[in-house]
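Here is the structure we will look at, set down as structure tokens.
Read-outs: derived from the displayed coordinates by stated rules, not from any lab. On a predicted model such as this, the values are computed, not experimentally measured, just so you know. Every residue, glycine as well, gets a Cβ built from its backbone with ideal geometry; the counts of neighbours run over all protein chains shown.
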Amino acid sequence: MSDEEEAPAGIPAWVMTFADLMSLLMCFFVLLLSFSEIDAQRFKQIAGELSKAFGVQRDVPALEVPMGTSAVFDKFSPGKPEPTPLDQVRQQTTTQDPQLDTLRGEVDAESEKAKQAQEQLKESSEQLQQILKEELQAGRMQLLEENRRIILRVEEKGSFSSGSADLTPEFEDLLMNISDALVTIPGELTIEGHTDNIPISTARFNSNWDLSASRASAVTNTLLFNPQVAPERLSLRGYADTKPRVANDTPENRAMNRRVEIIIDQSGSDDQHDEQLRSLLQGGEGMQQEMEVQPR
């Protein structure tokens, strides 16, 4: 061959071998990269594409879990995200009144006070029952408890003569014993006089109003014979026949309506205050509002 002969035209043969080597190296590094990430879904996609490219038509069971992944991720397939049934979350909150805790404390204190008052009422009632044991058994007197009041109901028989406001000696002695008990029993004292519906007109009493008020006054004056009974605790009222216990249609019923009642009121003046506290507490607990929190 002469020096002047030119080299053959075309790409040298070694270039094809070099290109094949570069392709294989690129595939090798792609495989290394895919094994280094724990992404089961991406691994399956790459493995499927490679199996198709290299003509793999059957599954070969793996004896060992590939490094860099786990059996959980190997079998894991992410599900399609679904929206939640509720578009918004609701939260119940309570607006606290600054005075609510204070009101609760006051209501609790009033409840304890009412409990003590009930115990005091029971103790006072038992004390009077011991003093009036014989009269209660004989039916000449009745002892009743109504809310926070004790009512001593005195029948006309054995206490007053018919159409008179003069006390019998036995009833007068009984009232003195009652007055000794009233000194230690707290509460306001109200003496009420009641008659039947038969009109009365005598030289002393013009009507049943005079008779009922006079009988209440006689009982009040007898109680005041005891200097330890404070006069400011007592008040008297005459109701005539306006508040009958039963209908005035028989002599027996009319006798039941002729009576004097000694009322021991231990409720005091706190009832209205208690009611206001309850109203304020109920109003404070009722102040609730519903807030809507939008999901982020």
Legend entry - Cα-Cα P(r), segment 130-177, percent of pairs per 10 Å interval: 24, 53, 22, 2
Legend entry - Projected label distance in nm at Ser162 and Ala255, using a 7 Å step from Cα toward the beta-carbon: 1.0
Inset, instruction - Calculate I(q)/I(0) for segment 173-268 by the Debye formula, one identical point scatterer on each C-alpha and no solvent, and give its log10 at q = 0.21, 0.22 Å⁻¹ to two decimals. - result: -1.00, -1.05
Inset, instruction - For Ser111 and Leu25, compute 0.36 nm times the residue count separating them, minus their Cα-Cα distance, and round to one decimal in nm. - result: 22.0 nm
Legend entry - FRET efficiency, Asn147 to Ala203 (Cβ-Cβ, R0 35 Å, nearest 0.05): 0.25
Inset, instruction - Output the pairs from Lys157/Lys243; Lys113/Lys243; Lys133/Lys157; Lys113/Lys157 with a Cα-Cα distance over 29 Å in this structure; if there are none, say none. - result: Lys113/Lys243; Lys113/Lys157
Legend entry - Kirkwood hydrodynamic radius (C-alpha pairs) into Stokes-Einstein, segment 217-267, 25 °C and 0.890 mPa s, D in µm²/s: 187
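Could you compute the net charge surrounding Glu135? Neighbours are other residues with a C-beta less than 10 Å from the C-beta of Glu135; K and R count +1, D and E count -1.
After counting each charged neighbour, the total is -1.
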Inset, instruction - Any chance you could list P(r) for segment 100-273, counting all Cα-Cα pairs in 5 angstrom bins from zero, rounded to whole %? - result: 1, 8, 16, 19, 18, 14, 9, 6, 4, 2, 1, 1, 0
